[in-house]
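Q: This is the structure I want to talk about, given as structure tokens.
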Amino acid sequence: MGNPVDWPALEAAAVDAMRKAYAPYSKFPVGAAALTGNGRIVSGCNVENASYGLTLCAECALVGNLQMTGGGSLRAFYCVDGNGNVLMPCGRCRQLLYEFRAPDMELMTTQGIKTMDQVLPDAFGPEHLEETR
Ligand code: THU
């Protein structure tokens, strides 16, 4: 495993992000925060749309923020709901996170800390694109 993760700092960043959510339709604000492989904290909130299906999850904003602030990988991840409780990332967002995972990525879950492989087993990833080319 890499460096120890400051989970309370990630939780605080996720709660800060959640407070910025734009969720007038679901009234379900979400905040996500992650520690990058080089020690940055990146975060994001959900951004909904009058065309409901266009909603952007908090993790979408997070990976955009990762890329816009220098790129790199995700070492640890924390997502919260409007009460500040741990929220499991939806299936689509697990895939978004998988793309940028550090080899030792960990996620805070409702059942404690888990690895990326535990929350998205047998994942499709960039390596599969190469196999059939
Ligand atoms: N949501 C997220 O932001 N991330 C997730 O992983 C689960 C769902 C948002 C989308 C929508 O704005 C609200 O939660 C209710 O589904």
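Q: Of the numbered conditions (1) crowded, with 18+ Cβ neighbours inside 10 Å; (2) near the ligand (Cβ under 9 Å from one of its atoms); (3) assigned to a loop (DSSP other than H, G, I, E, B); (4) of a type in the set (A, V, I, L, M, F, W, C), Phe28 fails exactly one; give the number of that condition.
A: Only one criterion in (1) crowded, with 18+ Cβ neighbours inside 10 Å; (2) near the ligand (Cβ under 9 Å from one of its atoms); (3) assigned to a loop (DSSP other than H, G, I, E, B); (4) of a type in the set (A, V, I, L, M, F, W, C) is unmet by Phe28, namely (1).
Q: To continue, here is another question. Any residue at all in segment 4-17 that's surrounded by fewer than 16 Cβ atoms within 10 Å (Cβ to Cβ) and modelled with pLDDT under 95?
A: yes
Q: Test Tyr52 against the stated conditions and say whether it is of a type in the set (Phe, Trp, Tyr) and over 13 Å from Val30 (Cβ atoms).
A: Working: of a type in the set (Phe, Trp, Tyr): yes; over 13 Å from Val30 (Cβ atoms): yes.
It is true that Tyr52 is of a type in the set (Phe, Trp, Tyr) and over 13 Å from Val30 (Cβ atoms).
Q: Here's something else I'd like to know. Within segment 101-130, track down each residue that is surrounded by fewer than 17 Cβ atoms within 10 Å (Cβ to Cβ), out of contact with any Asp or Glu (no Cβ under 9 Å at 6 or more places or on another chain) and not in a helix (DSSP H, G or I).
A: Pro103, Asp104, Thr110, Gln111, Gly112, Pro121, Asp122, Phe124
Q: Do we have any residue at all in segment 50-67 that's more than 13 Å from the ligand (Cβ to nearest atom) and either acidic (Asp, Glu) or more than 17 Å from Tyr22 (Cβ to Cβ) (or both)?
A: Yes, segment 50-67 has at least one match.
Q: Which residue pairs have Cβ atoms under 7 Å apart, sit 6 or more places apart or on different chains, and have a first residue in segment 14-36 that is without any contact (Cβ under 8 Å) to a residue 60 or more places away in the chain and closer than 11 Å to Cys79 by Cβ and a second that is within 9 Å of the ligand (Cβ to nearest atom) and assigned to a loop (DSSP other than H, G, I, E, B)?
A: Filtered contacts from segment 14-36: Val30/Ala21; Val30/Asn46; Val30/Cys57; Val30/Asp81; Val30/Leu87; Gly31/Ala21.
Q: Restricting attention to segment 96-119, which residues are closer than 22 Å to Thr55 by Cα and either away from the ligand (no atom under 11 Å from the Cβ) or modelled with pLDDT under 95 (or both)?
A: The initial filter retains those residues of segment 96-119 that are closer than 22 Å to Thr55 by Cα, namely 96-100.
Answer for segment 96-119, where residues must be closer than 22 Å to Thr55 by Cα and either away from the ligand (no atom under 11 Å from the Cβ) or modelled with pLDDT under 95 (or both): Tyr98, Glu99, Phe100.
Q: Of all the residues that make up segment 58-75, how many are buried (at least 21 other Cβ atoms within 10 Å of the Cβ) and over 21 Å from Leu129 (Cβ atoms)?
A: Of the residues in segment 58-75, 5 are buried (at least 21 other Cβ atoms within 10 Å of the Cβ) and over 21 Å from Leu129 (Cβ atoms).
Q: Moving on to the next point. What residue, of Tyr78, Tyr98, is in a helix (DSSP H, G or I) and either of a type in the set (Phe, Trp, Tyr) or open to solvent by less than 40 Å² (accessible area, probe 1.4 Å) (or both)?
A: Values: Tyr78 fails: in a helix (DSSP H, G or I).
After applying the criteria, what remains is Tyr98.
The values are calculated or read from the model by the stated rules, or taken from the named source; none is laboratory data. Bear in mind that the values here come from a model prediction, so they are computed numbers and not experimental data. Note that each Cβ is placed from the backbone with ideal geometry, even for glycine, and that neighbours are counted across all protein chains shown. Remember, those area values only see protein heavy atoms, side chains included, never the ligands or the DNA or RNA. Shrake-Rupley method; radii C 1.70, N 1.55, O 1.52, S 1.80 Å.
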